[in-house]
Every structure is written in structure tokens, then in C-alpha cells.
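The values are calculated or read from the model by the stated rules, or taken from the named source; none is laboratory data. Since the structure is predicted, the reported quantities are computational estimates derived from the model, not experimental observations. Here the Cβ positions follow ideal geometry from the backbone for every residue, glycine too, while neighbour counts run over all protein chains shown.
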Amino acid sequence: MTPSEMQKEIRALLKEKNAILLAHYYQSGEIQDTADILGDSLALSMEAAKTDADIIVFAGVRFMAESAYILSPEKAVLLPVPDAGCPLADKITAAELMEEKKTYPGAAVVTYVNSSAQTKAESDICCTSSNAVKIVNSLDADQVLMVPDGNLARYTARFTSKTIIPWKGFCYVHDQLSADDIGKVKSEHPDAPVAVHPECRTTVIDMADFVGSTAAIIDFARKTTAREVIIGTELGIMHQLKKLNPEKTFIPASKNLICRDMRKIGLRDILVSLKEMKHIVTVPEDVRAPAYKALERMLAVS
């Protein structure tokens, strides 16, 4: 079956089963082109919760599917490849967070949405890469424990007077991008602004013209008058950037910015998952309820 035939069959099945296909910007172009909704991880779950769909098919990774279930427990949530995980989310467990909370008993716990449902459930509030600063500054506590991404925590610390305690986790895709990588591509394209994700290292952020979430980078790329833009995030974003801005040139800050887990899902996996209702993701209610509260508190601030 050709990709276009699979896309056609997926779309027919989605309609037949009253299902919706969500795809993250880091998925392949053919999956992005098949999806009902494209976006950042939490934004996708929030949009899906607003629909009357009975089934959510999530072309992303496990924590995203969990978030979709946390917000829409009445819907069936499918993750086409069950072992599509997130090494960043795996950098901290709920047990480790509980121990860390004992070390800093007065600190508020802010957990990045790129985390497991169990970790969210042990948190005071969640944040995204776009609202982390706003969330931290909304808290009464002077000390803030931010997990699991240390790079995002250090970036957030630049914009608050609160004491930020970063966890030792990182996204291997963004963390591998170096100042040398930026310097090399900048020397070849000196007039091109550099847009990077806040999961990048401090040394990379210091060289950037713009720092923001995946959706924010797409917005920056649309608004800038520059004809060339250097992009420092996962390469899947290039599909939308080129599609939305055909008159501009987008240069990867590195050709190695590929998330292996995001790329595990293919059109065939989505088709089989939807056809056979395979790989349903659920979260136990004793975890879902406190995780929902952490997300709800964030949404109340945002």
C-alpha cells in the first residue's frame, strides 16, 4: 500500500469511527499532512478535549498520550507504537521526585508537561516551554523545584527573582546542539537569525536571536522579514516551516536533531492501531486525578 493509499484509508477510518488524529510537529511530513490537528504536545490534548470525538489517535510519544487521557478520560486514546517514549520524561520518576521534595520541603514543584503522569501527580503545577516563566512567577513560593528539564529550568531562571532548583534531566535531541554547531552554521549564513528551543543548553541560548516553543518558532519564522532562518529544534518542524513559508529558506542548526522515539510511528502503525483499536493508553484514577489538578492549575494561570 502506498503512503497516499494509507493516508486515504486512515482518513476514512477516522470518519467512520468518530476519531481524531493528533500529530506533533516532530512527526514525519506524511503524518503531519494526514492529521486533523497539528501542534505542541499539550496544545494537542487540549484541542482534542474540545471535540466530540470518541477516539484520539496520538502520533507522538507516551507522555502526550497520557496527557490526552488525563484531560479526556471518557475518550479512547491510542498510541500507535506503545514503546514510543520520551527519554526526557524518563529522567525522573515519581519516587525520585518525592525524595527531592524532602530535600526542599518549602519549594513549589513545577513539572514540565514532558513528564510521566505519575510525575505530574506529585507536582504542584505543570508548565510548558512557552509558559514556564509565567507559571513560576505566579507562585507564592520563593523556591521552585523544576523538573525534569534542567535546561528549561536554567532558561526560566533568567526571568525570575525566585530561586530555581533545576533537576538534572535534559532532552538529548536539544542538549546535543552545541555553540560550535551554531557558530559553524552562522558563519555560513551570517544574516540569518537563530531560533532555538529553551530545552537547548545555556551556551546555545546565548547565541540565539529567538528562544521559544515549537509553535513559537513557527510563529517567529512566519513573522520575521529575514529570508533565511537557522532552526535549533527537532528536524520534523522543517516540514511545516517550508509548507507555510515557501519563499523562505530554513537551515538546520545541526543535521543530528532527530528524536528517535518520535520517528518510530509510521502511517502503517496508525492504520493498524485505528483498525484494530490497539495500544490503548490509560492512567489509573489515583494518578490521573492529581495529575489533572496540576494541569488545571497551570491552565488557570495561562
What do you reckon, is THR128 crowded, with 19+ Cβ neighbours inside 10 Å, closer than 16 Å to GLY212 by Cα and in contact with a helix residue (DSSP H, G or I) (Cβ under 7 Å, 6 or more places away or on another chain)? yes
So which residues in segment 73-103 are under 21 Å from the mean Cα position of the chain (by Cα) and within 19 Å of CYS127 (Cα to Cα), if there are any at all? CYS86, PRO87, LEU88, ALA89, ASP90, LYS91, ILE92, THR93, ALA94, LEU97
Taking the condition of being touching a helix residue (DSSP H, G or I) at 6+ places or on another chain (Cβ under 9 Å) and surrounded by fewer than 19 Cβ atoms within 10 Å (Cβ to Cβ), how many residues in segment 166-179 meet it? 4
Mind checking whether some residue in segment 235-247 is within 19 Å of the chain's Cα centre (by Cα), over 21 Å from MET6 (Cα atoms), of a type in the set (Val, Ile, Thr) and not assigned by TED's automatic domain parsing to the domain that holds ILE10? yes
Are any residues in segment 137-155 assigned to a loop (DSSP other than H, G, I, E, B) and either under 25 Å from ASP90 (Cβ atoms) or β-branched (Val, Ile, Thr) (or both), and if so, which ones? PRO148
Matching option when the condition is crowded, with 24+ Cβ neighbours inside 10 Å, out of contact with any Lys or Arg (no Cβ under 6 Å at 6 or more places or on another chain) and not small (Gly, Ala, Ser), among GLU66, GLU5, GLU9: GLU66
Can you find even one residue in segment 41-50 that is under 17 Å from the mean Cα position of the chain (by Cα) and either among the basic types (Lys, Arg) or at pLDDT 95 or above (or both)? no
Scan (1) under 23 Å from ASP219 (Cβ atoms); (2) surrounded by 24 or more Cβ atoms within 10 Å (Cβ to Cβ); (3) touching a strand residue (DSSP E or B) at 6+ places or on another chain (Cβ under 9 Å) for the single condition TYR26 breaks and write down its number. (3)
Report the residue count in segment 91-139 for those that are touching a Ser or Thr at 6+ places or on another chain (Cβ under 7 Å), among the polar types (S, T, N, Q) and under 18 Å from ARG158 (Cα atoms). 6
If I filter segment 130-139 for residues that are within 18 Å of PRO290 (Cβ to Cβ) and either over 22 Å from the mean Cα position of the chain (by Cα) or without any contact (Cβ under 8 Å) to a residue 12 or more places away in the chain (or both), do I get at least one hit? yes
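How many of the residues making up segment 98-121 are small (Gly, Ala, Ser) and assigned to a strand (DSSP E or B)?
Here the count works out to 1.
Sort through ALA253, ALA215, ALA192 and tell me the only one that's under 26 Å from ALA53 (Cα atoms) and among the small types (Gly, Ala, Ser).
Values: ALA253 fails: under 26 Å from ALA53 (Cα atoms); ALA192 fails: under 26 Å from ALA53 (Cα atoms).
ALA215 is the lone residue from the list that is under 26 Å from ALA53 (Cα atoms) and among the small types (Gly, Ala, Ser).
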Which one of GLY169, GLY150, GLY106 is modelled with pLDDT under 95 and not acidic (Asp, Glu)? GLY106
